[in-house]
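Student: Attaching a single structure in structure tokens format; questions to follow.
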Amino acid sequence: MTVLTLTPSTRETPTQRAASGAADALFTEHGVIPVTVQQVADRAGITLAELTAAYPTKQSLVVAVLQRWHGAWRRALDHITEASADPRDEVLGIFSYLEQCFADEGWRGCAFINGHAELGRQDPDIAALAREHFLDVERHLTLVCERGSLPTHIAQGLSLLIEGARVESAVQQSAQPARTARLTAAVLMSVYDSRSTF
């Protein structure tokens, strides 16, 4: 039995990259269930046979899209870490990154939240990948808190602020939730530090 993870075992081929990119766009625009594999092939500019050779099932396309999202998220976190001199600034930088995402006209919410809401009850593999992503976010925040001499238990609260902002931004179609969550994170961290963090 193959165990699905958010880390691809191999690099995507050009055909796979075109297919997962097209699937990402279509799933974001319409949701997963209404989209057909033929529509994905058409958007990718490949034949249906090429698509099914690259990704034999619709679920494998969904997994590839989630892997794309997770990879982009991890790269963004790494960039924020490199650009931040202080771990507290790193935490706030995550919310600034979210604000940029939410301000994009194409933003329709987090693929993991949307995917779990649409497929989680019927596909335990997709539900498991969503849980893996959320746990990875919390683990990263725990490490940031450790570096900043902050209590590690607040990582869960920061994670809830991130996920809550993702949901609310999709509903409101606004970047404001990221700004509100950023201010709340700054207040939370200020409880453990006499310095001004916002």
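Student: Suppose we filter Gly31, Gly21, Gly45 for residues that are farther than 27 Å from Arg139 by Cα and buried (at least 16 other Cβ atoms within 10 Å of the Cβ); which single one remains?
Tutor: Result: Gly21 is the single residue among Gly31, Gly21, Gly45 that is farther than 27 Å from Arg139 by Cα and buried (at least 16 other Cβ atoms within 10 Å of the Cβ).
Student: Restricted to the range 29-84, and to residues that are of a type in the set (S, T, N, Q) and assigned to a loop (DSSP other than H, G, I, E, B), which residue is farthest from Arg121 (Cα to Cα)?
Tutor: Applying the filter and picking the extreme gives Ser84.
Student: Considering only residues of the range 154-170 that are farther than 14 Å from Leu141 by Cβ and in contact (Cβ under 8 Å) with a residue 60 or more places away in the chain, which is surrounded by the most Cβ atoms within 10 Å (Cβ to Cβ)?
Tutor: Out of the qualifying residues, it is Ser169.
Student: Any chance you could count how many residues in the range 124-149 are modelled with pLDDT of 95 or more and either in contact with a Phe, Trp or Tyr (Cβ under 6 Å, 6 or more places away or on another chain) or part of a loop (DSSP other than H, G, I, E, B) (or both)?
Tutor: Total satisfying the criteria: 2.
Student: Just checking, which of Glu132, Glu138 is surrounded by 14 or more Cβ atoms within 10 Å (Cβ to Cβ) and free of Cβ contacts under 8 Å to residues at least 60 places away in the same chain?
Tutor: Checking each option against the conditions leaves just Glu138.
Student: Hey, another quick one. Looking at the range 98-145 only, could you name the residues that are touching a Ser or Thr at 6+ places or on another chain (Cβ under 6 Å) and closer than 30 Å to Tyr192 by Cβ?
Tutor: Residues satisfying the conditions are Phe102, Val137, Glu138, Leu141, Thr142, Cys145.
Student: Residues of the range 85-99 being in a helix (DSSP H, G or I) and without any contact (Cβ under 8 Å) to a residue 40 or more places away in the chain, which ones?
Tutor: Asp89, Gly93, Tyr97
Student: Now a separate question. Which condition number does Leu6 fail, the rest of (1) touching a Gly at 6+ places or on another chain (Cβ under 7 Å); (2) within 22 Å of Val144 (Cα to Cα); (3) outside any helix (DSSP H, G or I); (4) not basic (Lys, Arg) being met?
Tutor: Answer for Leu6: the failing condition is (1).
The values are calculated or read from the model by the stated rules, or taken from the named source; none is laboratory data. Predicted model only: the values in this text are computed from it and were never measured. Every residue, glycine among them, receives a Cβ derived from its backbone with ideal geometry; neighbour counts consider all protein chains shown.
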